[in-house]
Amino acid sequence: MSLGVRCLDAAPREWGALLELDPDATPAHRPEVWSALAAALPAMTPGVIAVEDNGRLIGGAPFVIERRAGLAWIHALPFLLPGAPLALPGQGAAVDLMVADAIATLQRELRTAGGEWACYRASGGAVATHALEIPSGETRWVEAEVIDLSGGIEAARRAMGRKVRQGIARTIREGLLCAAESGALEEAYVLHVRQSRGWSAHRPLPLELSRRLIEANVAQLVTARDRRGLLCAALALEGARETFLWWSGAHEQARRSDAYAALLWWTAERAAERGCARLNLGASRGLIAIDAFKDALGARRVRYPVRWLDARHAPAAGRAIAAIQTWVRRGRSRGDAT
């Protein structure tokens with residue numbers, strides 16, 4: 001085996017094979033997502049770490065370089081989108097090490113002021129500690145709530161709590177209609193922004209990013225309405241193996257009923273019909289009530305590491321800005337230390 005690494009500005013031709021063969025592939029590993037990030041956020045430039053064996057692609061990972069005021073940050077990926085390496089069967093450990101070394105090299109060469117490496121894997125096969133520690137920074141642990149669809153939709157339904165099943169059925173009987181409705185993006189975004197005002201240190205994603213993801217056919221807006229109008233909505237990133245609910249918004253009336261649970265379940269049914277193995281409901285920011293709600297839907301918790309990259313290789317200005325960012329973001333959850 002003769003391994004090599006290249007940092008490319010676009011996905012190599014064989015990238016599609018990794019998406020098909022690696023069971024931990026997510027919607028965020030789709031090149032359309034990286035293109036949408038770059039188009040909606042001009043400061044960001046996408047790239048791919050390609051790990052090759054004698055010129056044959058065996059694995060790799062996406063990343064984004066953010067440049068502002070002459071400084072650079074590495075995001076793999078931004079907004080804690082999954083950036084864990086993909087690999088051909090049997091090559092995972094070697095690919096993880098090569099990707100980690102490539103990120104560390106970028107830190108030194110670009111003199112980066114920070115960033116992150118989010119290593120979510122639905123299988124629970126986390127990047128090894130010795131690989132995570134190659135890039136300079138701090139490792140924290142976060143959790144995602146995932147509904148398992150690999151055994152079919154009926155098996156997933158049986159994992160739900162009885163009261164949730166009954167509440168969803170009652171809400172549907174009373175006239176709730178769920179649909180894929182991309183034309184309602186602005187209306188749904190208003191709900192999201194209004195609801196998120198009460199979330200500590202939360203910053204809504206740019207509306208233009210969601211619009212471009214929908215236009216690229218990598219995301220879909222799912223909605224739930226009744227006679228009163230739009231009750232709740234969510235932006236779902238769609239991959240062959242996983243559907244990921246990235247953001248959502250709900251009217252106060254929806255939060256007092258089972259409308260949002262019904263929307264999530266309708267989305268799970270839609271994902272199962274497409275052949276997805278799971279629906280990722282995202283993290284709950286440590287809110288007990290939301291965790292309990294997702295548990296009642298039959299979701300399991302997937303714990304994974306995030307390597308928060310530091311500014312030790314940055315120039316003095318970069319280190320100063322990193323210190324200011326740390327202070328400003330002190331209210332945001334960065335995960336658990338262990």
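The values are calculated or read from the model by the stated rules, or taken from the named source; none is laboratory data. Keep in mind it's a predicted model, so treat the numbers as computed, not measured. Glycine gets a Cβ as well: all are built from the backbone with ideal geometry, and neighbour counts include every protein chain shown.
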Open item on the list: Any residue at all in region 309-326 that's assigned to a strand (DSSP E or B), modelled with pLDDT of 90 or more and in the same structural domain as E66 (by TED's automatic domain parsing)?
Closed with: yes
Open item on the list: Can you name every one of the helices (runs of 4 or more DSSP H) wholly within region 118-181 that holds 1 or more residues which are in contact with a Cys (Cβ under 8 Å, 6 or more places away or on another chain) and surrounded by 15 or more Cβ atoms within 10 Å (Cβ to Cβ)?
Closed with: 129-132
Open item on the list: Exactly one of these conditions fails for A236: (1) crowded, with 16+ Cβ neighbours inside 10 Å; (2) free of Cβ contacts under 8 Å to residues at least 60 places away in the same chain; (3) more than 19 Å from E181 (Cα to Cα); (4) of a type in the set (A, V, I, L, M). Give me its number.
Closed with: (3)
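Suppose we keep only residues that are among the charged types (D, E, K, R) and not in a helix (DSSP H, G or I) within region 245-271. Which one would you say is nearest to the chain's Cα centre (by Cα)?
From region 245-271, those among the charged types (D, E, K, R) are 252, 255-256, 258, 269-270; that's our starting set.
Still in the list and also not in a helix (DSSP H, G or I): 256, 258.
Working: R256: 27, D258: 25 Å.
Checked region 245-271; the qualifying residue nearest to the chain's Cα centre (by Cα) is D258.
Just to be sure before I move on: is E116 of a type outside the set (A, V, I, L, M) and closer than 22 Å to V48 by Cα in the structure I sent? Steps first, please.
Values: of a type outside the set (A, V, I, L, M): yes; closer than 22 Å to V48 by Cα: yes.
So E116 passes the test.
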TODO: Name the residue, out of T223, T171, that is of a type in the set (S, T, N, Q), under 25 Å from I147 (Cα atoms) and in contact (Cβ under 8 Å) with a residue 60 or more places away in the chain.
DONE: T171
- [ ] Tell me which residues, restricted to region 194-206, are assigned to a helix (DSSP H, G or I) and either free of Cβ contacts under 8 Å to residues at least 12 places away in the same chain or surrounded by 15 or more Cβ atoms within 10 Å (Cβ to Cβ) (or both).
- [x] Q195, S196
Open item on the list: Just to be sure I understand, how many residues within region 103-139 are within 30 Å of R301 (Cα to Cα), touching a residue at least 40 places away in the same chain (Cβ under 8 Å) and among the hydrophobic types (A, V, I, L, M, F, W, C)?
Closed with: 8
Open item on the list: within 21 Å of the chain's Cα centre (by Cα), under 22 Å from M160 (Cα atoms), modelled with pLDDT of 80 or more and in a loop (DSSP other than H, G, I, E, B): which single residue out of G286, G298 fits that description?
Closed with: G298
